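Everything on this sheet refers to the single structure shown next.
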Ligand code: NAD
């Protein structure tokens, strides 16, 4: 990742461009360019060797005019306040894009859970909550899992919050495991949601998904279930990339016959991925998958490419090399494409499904989890996925219709919908 990349600057740049297009008044622009509240703190953790290590923690609430804040907590060694600010901003737009009554937040801890024991991770989770508990809650701001955080982390966090609050508050956090307040379908939600949108995009382009191929960056949660549903629809995923923490580099694994999701998804006993979404190189070789460079996934002759790993992966340096065969880019990750790359994608006439729409299945299902927690009544997996499909399809159609009607790029269309709906909520509250 180039050193000068700043995710928050990119989020502001994306906002400014659309604010200009829709003639947003200066007061609303100033309000929506910046987060409402930011918390930065330290978390001391007693490590197993008795030494104390101090971690840096963040929680940013960008805008809560449409409802309580919602946004994941990431564990990443390179986490910064600007990444968290950007992700919180994108959450605001994302919730508005799929029309769920929530605002935008995000959290993070600069740490590497791959190098921490279970006990150290539990103490870190509990320490995080002790620093933010006053600012979160079912009607205030609701965290969830994100990169390198899991349902287990969420349960430790919920437990710490409930201990402080002296009451059961399952709606304080989502992405919990089933049986402890979690929702069926949450594990699949983001990847499936992305593919519901991809399915609609194929309809727009009048291409049969059953003849289509895909290449995915990432083999973690989002990528796994995107691969699963794309394959179930009859398509073929021919390449998946992942980060190998042992070799400290990324690899692409390619199988021209298609990667069978049973070797990838976390719910399968035959998986060759670990809990961080790394593909086991030896087992991949045994299956006949070819190991290539980390960026090879981006240059494949496929109908759809799905960046589902990290931000800033499609940029000015590599966008020109995307194959002319590619018809759709479905942004499973947050912020994978830079504004410079967007310009080339427009020229190439590739249909882009923007992140705040494409990966909104996760937050939509988190919202369903909150609804079920509040009712203390739980839906079947089929019911959850049916509601998710319906929300994603309606949201995709709104964006696609607006993009056609106004002859604008899909990213601009989704931002227009989201910014206008957040601005309306701010206006109705009398904030602007
Ligand atoms: P994850 O931690 O489960 O998986 C991340 C994957 O990316 C892993 O396979 C990892 O090996 C791979 N990766 C990391 N760096 C890489 C690199 N340089 N090259 C190739 N692969 C690399 O995370 P996730 O939950 O699947 O999230 C992926 C993206 O989707 C993130 O941008 C996240 O913010 C976004 N997202 C996730 C959810 C969700 O519900 N999980 C919801 C919305 C958005």
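Sorted by mean Cβ packing within 10 Å, highest first, what order do the peptides 24-30, 416-422 take? All intermediate terms of the calculation are to be shown ahead of the outcome.
Values: 24-30: 14.0, 416-422: 20.7.
Most protected by this proxy first, the peptides run 416-422, 24-30.
So how do 184-191, 291-298 stack up, highest first, on mean other-Cβ count within 10 Å? Before the final figure, lay out the partial values.
Details: 184-191: 25.6, 291-298: 18.1.
Answer by packing, highest mean first, reads 184-191, 291-298.
Can you give me the Cα centroid spacing of segment 347-395 and segment 400-420 in angstrom?
Cα centres, segment 347-395 to segment 400-420: 19 Å.
Give the peptides 242-249, 357-364 in descending order of average Cβ contacts within 10 Å, highest first.
Details: 242-249: 14.0, 357-364: 29.8.
Ranking, from highest mean packing down: 357-364, 242-249.
Report relative contact order for the chain in percent, whole number only (criteria: Cα-Cα under 8 Å, sequence separation at least 6).
Values: 888 pairs, mean separation 68.9, N = 432.
Computed value for the chain: 16 percent relative contact order.
Return one quarter of the surface area of the convex hull spanned by the alpha-carbon atoms of segment 39-180, equal to its mean projected area, in nm². Before the final figure, lay out the partial values.
Details: hull surface 32.6 nm².
That works out to 8.2 nm².
For 331, 51, 200, 343, which order do you get if you count the other beta carbons within 10 Å of each Cβ and list the fewest first?
Working: 331 25, 51 8, 200 19, 343 13.
Going from least to most buried by this count: 51, 343, 200, 331.
Just for segment 53-187, what percent of DSSP beta bridges are antiparallel, to the closest 5? Don't skip to the answer; put the middle values down first.
Values: 8 of 18 bridges.
Antiparallel bridges make up about 45 percent of those DSSP assigns within segment 53-187.
Once you have a ≥ b ≥ c as the square roots of the Cα gyration tensor eigenvalues for the chain, tell me rounded if a/c is under 1.5, and otherwise prolate or oblate according to whether a/b is larger than b/c.
Details: a/c = 1.45, a/b = 1.09, b/c = 1.32.
Rounded.
Which order do 251, 233 fall in if you start with the one that has the fewest other Cβ atoms within 10 Å? List each step's numbers first, then the result.
Working: 251 22, 233 16.
Lowest count first: 233, 251.
Considering only DSSP beta bridges with both partners in the chain, what is the antiparallel share in %, to the nearest 5?
Numbers: 29 of 54 bridges.
Bridges in the chain are about 55 percent antiparallel.
Report for segment 183-432 the percent antiparallel among DSSP-assigned beta bridges with both residues inside it, nearest 5.
The antiparallel fraction comes to roughly 40 percent.
Which ordering of 93, 379 is given by a fewest-first count of other beta-carbon atoms within 10 Å? If you can, show how the numbers build up before the last one.
Working: 93 28, 379 18.
Fewest to most other Cβ atoms nearby, the residues stand as 379, 93.
Could you work out the relative contact order of segment 39-180, using alpha carbon pairs under 8 angstrom and six or more residues apart, expressed as a whole percent? Let's see the in-between values first.
On the way: 299 pairs, mean separation 36.3, N = 142.
Across segment 39-180, relative contact order equals 26 percent.
Identify the residues of segment 166-184 with backbone N under 16 Å of a label point that sits 7 angstrom from the Cα of residue 266 along the Cα-to-Cβ direction, or state none.
The answer is 174-184.
Readers should treat all values here as calculations from the given coordinates under stated rules, not as data from a laboratory. For clarity, every value in this text was computed on a predicted model and none was experimentally measured. When we count neighbours, we look across all protein chains shown, and the Cβ atoms used for this are built from the backbone with ideal geometry, even at glycine.
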